[in-house]
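Undergrad: Supplied in structure tokens, the structure appears directly below.
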Amino acid sequence: MGIRDISIVGAGSVGVFLTYILNKRSMTPKLIFRRNVEERIFLKTLSGDEFQLRYKPILYKDFNKWLSSDLVVIATKAYDAEKIIDDISNRSVDVKSFVFVQNGLKILENAADKLGSEKIIQILLNHGIAKVDKNVFLWSGGGRSYIGALPGSSNPYVEEIHDLFSELDLEVVNDIQPYRWLKLSVNAVINPITAILEDKNRVVIDNIFVREFLARRICKEIEAVADLHGINLPKDPYEEVIRVAKETGNNYSSMYMDIRYCRRTEIDYINGAVVEYGLRKGYKALFNETLYYLVKAKEAKCVA
Ligand SMILES: NC(=O)c1ccc[n+]([C@@H]2O[C@H](COP(=O)([O-])OP(=O)(O)OC[C@H]3O[C@@H](n4cnc5c(N)ncnc54)[C@H](OP(=O)(O)O)[C@@H]3O)[C@@H](O)[C@H]2O)c1
């Protein structure tokens, strides 16, 4: 076997962070850009260390230069990942495995359909990385993260990929679904609430109306939809939301930042996906739907 040639699509927060993790193992991945970037890229840590990344730059449109890799990590936002999956599915590839890092639902399912479920792996990344300057990213730390495939699809490379990225404090799980839905619960509360209330993550615990009413109801709906799809969450989602909101209280969520800087959010793949998955089973997730439309309204206000 032996995965040696690795490509990472997307030189944003996660792509840069995973490049750093591979550099620490003395590996130099290919980093795939949409356009030519001349500047060097740096990753900073909270302790003040700064690393200059090592990578081979490749342009996205040069498909044959990166679709020949053993492993391709798709480290873009969910809406871009959707287009990339379509581009890849129209080409013949030698890639042994694709790793996806997107939060929320739909991308992994879409990738499994179009690229073959035996080739698809998800890393559920519980680390925080953000761009703090032009070509400078800050890794603000993280904790236990998960790697695994969809149920029923056996990928022979999971252990090897786990070892490559073991610095992430990664645990291999047989079925990634329950962990995805647990993280979905956290994102479905913290992201839209902070974006709508224009506040830090701690608003979820400090504001009694959010903590005791909204957060509980959103989690109940997600548990119900997961249950209808035969998925049992590994922990109580509400307790997980409260734990993460406490732990990351001083941070601004990615959705808050997206709205603040007038960028498209990933709401379609988070609360929007909960609504969609509920309707497939005849269930109306009304609290999730309301948050979905409120964030969509904020997005629309931004581009109007
Ligand atoms: N940041 C975190 O802490 C974190 C943690 C866990 C999970 N996640 C998830 O990870 C995913 C990525 O998040 P992120 O924070 O890394 O986003 P990001 O900082 O916006 O980075 C995405 C990058 O992908 C690039 N890109 C998009 N389409 C491309 C293409 N076709 N070819 C090459 N590059 C392309 C973008 O390039 P341009 O600059 O040209 O737009 C951008 O640099 C999201 O789904 C997020 O939910 C993030």
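Undergrad: So how many residues does the range 13-42 have that are within 13 Å of the ligand (Cβ to nearest atom) and touching a Ser or Thr at 6+ places or on another chain (Cβ under 7 Å)?
TA: 3
Undergrad: Which is within 9 Å of the ligand (Cβ to nearest atom), closer than 18 Å to T45 by Cα and touching an Asp or Glu at 6+ places or on another chain (Cβ under 9 Å), of G142, G128? Give the steps one after another, and end with the answer.
TA: Numbers: G128 fails: touching an Asp or Glu at 6+ places or on another chain (Cβ under 9 Å).
Checking each option against the conditions leaves just G142.
Undergrad: Sticking with this structure for a sec: Quick check on this structure: which one of D227, D268 is of a type outside the set (G, A, S) and free of Cβ contacts under 8 Å to residues at least 40 places away in the same chain? If you could, list the steps in order and put the result at the bottom.
TA: Numbers: D268 fails: free of Cβ contacts under 8 Å to residues at least 40 places away in the same chain.
Every option except D227 fails the conditions.
Undergrad: Sticking with this structure for a sec: Can you tell me which residues in the range 87-115 are more than 23 Å from P29 (Cα to Cα) and more than 10 Å from the ligand (Cβ to nearest atom)?
TA: Selection gives N90, L105, K106, E109, N110, A112, D113, K114.
Undergrad: Return a yes/no flag: does the range 137-145 have any residue that is farther than 19 Å from L168 by Cα and in contact (Cβ under 8 Å) with a residue 12 or more places away in the chain.
TA: Our first condition is that a residue be farther than 19 Å from L168 by Cα; within the range 137-145, this holds for none.
Within the range 137-145, none of the residues are farther than 19 Å from L168 by Cα and in contact (Cβ under 8 Å) with a residue 12 or more places away in the chain.
Undergrad: When you scan the range 160-264 for helices (runs of 4 or more DSSP H) that lie fully inside it, which ones turn up with 2 or more residues that are open to solvent by 70 Å² or more (accessible area, probe 1.4 Å), more than 14 Å from the ligand (Cβ to nearest atom) and not small (G, A, S)?
TA: On the way: elements: 177-197, 203-206, 215-228, 237-247, 254-260.
Answer list for the range 160-264: 215-228, 237-247.
Undergrad: To continue, here is another question. If the Cβ limit is 8 Å and pairs must be 6+ apart or interchain, which residue in the range 104-128 that is in a helix (DSSP H, G or I) pairs with which residue that is acidic (D, E) and more than 8 Å from the ligand (Cβ to nearest atom)?
TA: Going by the 8 Å Cβ cut-off, the qualifying pairs are I107/E82; N110/E82; K114/D86.
Undergrad: Taking into account only those residues within the range 98-151 that are among the hydroxyl-bearing types (S, T, Y) and touching a helix residue (DSSP H, G or I) at 6+ places or on another chain (Cβ under 7 Å), which is nearest to N250 (Cα to Cα)?
TA: Filtering the range 98-151 down to residues among the hydroxyl-bearing types (S, T, Y) leaves 117, 140, 145-146.
If we keep only those that are touching a helix residue (DSSP H, G or I) at 6+ places or on another chain (Cβ under 7 Å) too, we end up with 145-146.
Working: S145: 21, Y146: 24 Å.
So the residue we want is S145.
Undergrad: Does Y60 fit the bill of being within 22 Å of D5 (Cα to Cα) and more than 9 Å from the ligand (Cβ to nearest atom)? Talk me through it step by step, then tell me what you get.
TA: Details: within 22 Å of D5 (Cα to Cα): yes; more than 9 Å from the ligand (Cβ to nearest atom): no.
Answer is no for this residue.
Undergrad: Identify, please: which residue in the range 12-36 is in a loop (DSSP other than H, G, I, E, B) and free of Cβ contacts under 8 Å to residues at least 60 places away in the same chain and is, among those, least open to solvent (accessible area, probe 1.4 Å)?
TA: First pass over the range 12-36, keeping only residues in a loop (DSSP other than H, G, I, E, B): 12, 25-29, 34-36.
Adding the requirement that they be free of Cβ contacts under 8 Å to residues at least 60 places away in the same chain leaves 26, 28-29, 34-36.
Values: S26: 98, T28: 59, P29: 4, R34: 169, R35: 156, N36: 121 Å².
For the range 12-36, the residue satisfying everything is P29.
The values are calculated or read from the model by the stated rules, or taken from the named source; none is laboratory data. Because the structure is predicted, anything quoted here is derived from the model rather than measured. In this analysis, Cβ positions are derived from the backbone assuming ideal geometry, glycine residues included, and neighbour counts consider all displayed protein chains. Please note that ligands, DNA and RNA were not included when accessible areas were found on the heavy atoms of the full protein model with its side chains. Shrake-Rupley method; radii C 1.70, N 1.55, O 1.52, S 1.80 Å.
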